[in-house]
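Enquirer: Mind looking over this structure? Questions follow.
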Amino acid sequence: MFDKSLFYSSLNTLSFGKNIFIYDKVTSTNDVLLNGEFSYGSVVITLLQTKGRGRSGRSWIDTGSSLIFSILLTGLSSEMLMPFNIIAGYSVCNGISLYAETKLKWPNDCVINDKKVSGMLLEASFTGNNAAKIVFGAGINVFNKDFPEDIAYRATSVYLNTNKEIKKELILAEILNTMEHMLDQYKKGLLKIEDLWQKYSANYNKKISIHINGIKKEMIEKGILPNGELIVQDINTNQISNINVGEIGYDFNG
């Protein structure tokens, strides 16, 4: 169940989440928004999702323990998509941090104690070369008590990291409050996402393994650029470079 009254009592946005649509079961909340007619800032949540998508073609299938939602965006240029991904990551971290300290693993995994608690996916539908719709979706492990053996070493939930009574509604409201405010500040030139990276990053100034096209390289994370690219330093040559594709693995601790 999702308590709309509790959700709206904590929502402080102008647009984001003002229209919320709750489904018992969908293939994917992103699909609902991409294929339907909804207004800017509309949010779709579901109790069950059967064909959820993650980054790099991974699936996110839920049986009712997670908070799964998507929001419809318009008016984002292609240059804003990667910075928005970072803003969205900050926002999801803020929501989960109502219950447990949460950090961001570039580009868009939220982690608690180096284990993944949330994943995100930004998708768009196009008319010609222009994005007609942009949809941001996230899945958050909230009440999960255990995980399949193949991911148990790198997955966690809010429930496993707090003694507080958890309310999905408060998590979602905080995410949307933060997201709308940060996006508005960014559009006005008042928010520099790179200045916030040290606060939110799980790996700032730490050794990481970067996986790009099946190749793993060990680096030191040094920050992000204004466009959202990751700044890394080669541990062997000390050379600084920027990364805009790939992901940080869970197979390296340093």
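Enquirer: I'd like to check something: does region 152-166 contain any residue that is farther than 19 Å from residue 105 by Cβ and either at pLDDT below 95 or among the charged types (D, E, K, R) (or both)?
Expert: yes
Enquirer: Is at least one residue of region 206-215 open to solvent by less than 80 Å² (accessible area, probe 1.4 Å), assigned to a strand (DSSP E or B), in contact (Cβ under 8 Å) with a residue 12 or more places away in the chain and of a type outside the set (A, V, I, L, M, F, W, C)?
Expert: Taking every residue of region 206-215 in turn, at least one turns out to be open to solvent by less than 80 Å² (accessible area, probe 1.4 Å), assigned to a strand (DSSP E or B), in contact (Cβ under 8 Å) with a residue 12 or more places away in the chain and of a type outside the set (A, V, I, L, M, F, W, C).
Enquirer: Then there's this: Give me the pairs, please: first residue somewhere in region 220-233 and closer than 13 Å to residue 246 by Cα and free of Cβ contacts under 8 Å to residues at least 60 places away in the same chain, second residue anywhere and open to solvent by 40 Å² or more (accessible area, probe 1.4 Å) and among the charged types (D, E, K, R), beta-carbon distance under 6 Å, and either six or more positions apart or on two chains.
Expert: Close Cβ pairs (under 6 Å, with a partner that is open to solvent by 40 Å² or more (accessible area, probe 1.4 Å) and among the charged types (D, E, K, R)) amount to 231/222.
Enquirer: Residue 119 fails exactly one of the following numbered conditions: (1) under 16 Å from residue 68 (Cβ atoms); (2) open to solvent by less than 30 Å² (accessible area, probe 1.4 Å); (3) modelled with pLDDT of 95 or more. What is the number of that condition?
Expert: Among (1) under 16 Å from residue 68 (Cβ atoms); (2) open to solvent by less than 30 Å² (accessible area, probe 1.4 Å); (3) modelled with pLDDT of 95 or more, residue 119 violates only (3).
Enquirer: Let me ask something else about it. Looking at the structure I just gave you, is residue 145 in contact with a Ser or Thr (Cβ under 9 Å, 6 or more places away or on another chain), touching a residue at least 12 places away in the same chain (Cβ under 8 Å), within 26 Å of residue 81 (Cβ to Cβ) and open to solvent by 40 Å² or more (accessible area, probe 1.4 Å)?
Expert: In short, no.
Enquirer: Sticking with this one: What number of residues in region 223-254 are small (Gly, Ala, Ser), under 20 Å from residue 119 (Cβ atoms) and at pLDDT below 95?
Expert: Qualifying residue count for the region: 2.
Enquirer: Out of all the residues in region 52-63, is one or more at pLDDT 95 or above and on the phi < 0 side of the Ramachandran plot?
Expert: Within region 52-63, none of the residues are at pLDDT 95 or above and on the phi < 0 side of the Ramachandran plot.
Enquirer: Still on this structure: Determine which single condition residue 223 fails, assuming it passes every other condition in (1) assigned to a strand (DSSP E or B); (2) closer than 15 Å to residue 103 by Cα; (3) out of contact with any Asp or Glu (no Cβ under 8 Å at 6 or more places or on another chain).
Expert: Every listed condition holds for residue 223 apart from (3).
Enquirer: Taking residue 90, is it of a type in the set (Phe, Trp, Tyr), farther than 15 Å from residue 141 by Cα and surrounded by fewer than 24 Cβ atoms within 10 Å (Cβ to Cβ)?
Expert: yes
Enquirer: Does region 162-172 contain at least one residue that is over 26 Å from residue 14 (Cα atoms) and part of a helix (DSSP H, G or I)?
Expert: Scanning region 162-172 turns up no residue that is over 26 Å from residue 14 (Cα atoms) and part of a helix (DSSP H, G or I).
Enquirer: May I pose another question? Checking residue 153 against (1) in contact (Cβ under 8 Å) with a residue 12 or more places away in the chain; (2) open to solvent by less than 90 Å² (accessible area, probe 1.4 Å); (3) in a loop (DSSP other than H, G, I, E, B); (4) closer than 28 Å to residue 248 by Cα: exactly one of these is not met. Which one?
Expert: Condition (2) is where residue 153 drops out.
Listed here are the residues, each with its yes/no results for (1) in contact with a Cys (Cβ under 6 Å, 6 or more places away or on another chain); (2) modelled with pLDDT under 90; (3) in a helix (DSSP H, G or I).
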{"site": "15", "(1), (2), (3)": "no, no, no"}
{"site": "30", "(1), (2), (3)": "no, no, yes"}
{"site": "33", "(1), (2), (3)": "no, no, yes"}
{"site": "76", "(1), (2), (3)": "no, yes, no"}
{"site": "83", "(1), (2), (3)": "no, no, yes"}
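Enquirer: Among the listed residues 230, 176, 190, which satisfies the condition of being open to solvent by less than 60 Å² (accessible area, probe 1.4 Å), out of contact with any strand residue (DSSP E or B) (no Cβ under 6 Å at 6 or more places or on another chain) and of a type outside the set (D, E, K, R)?
Expert: 176
The values are calculated or read from the model by the stated rules, or taken from the named source; none is laboratory data. Predicted model only: the values in this text are computed from it and were never measured. In this analysis, Cβ positions are derived from the backbone assuming ideal geometry, glycine residues included, and neighbour counts consider all displayed protein chains. What goes into the accessible areas is simple: the full protein's heavy atoms, side chains included, and nothing from ligands, DNA or RNA. Shrake-Rupley method; radii C 1.70, N 1.55, O 1.52, S 1.80 Å.
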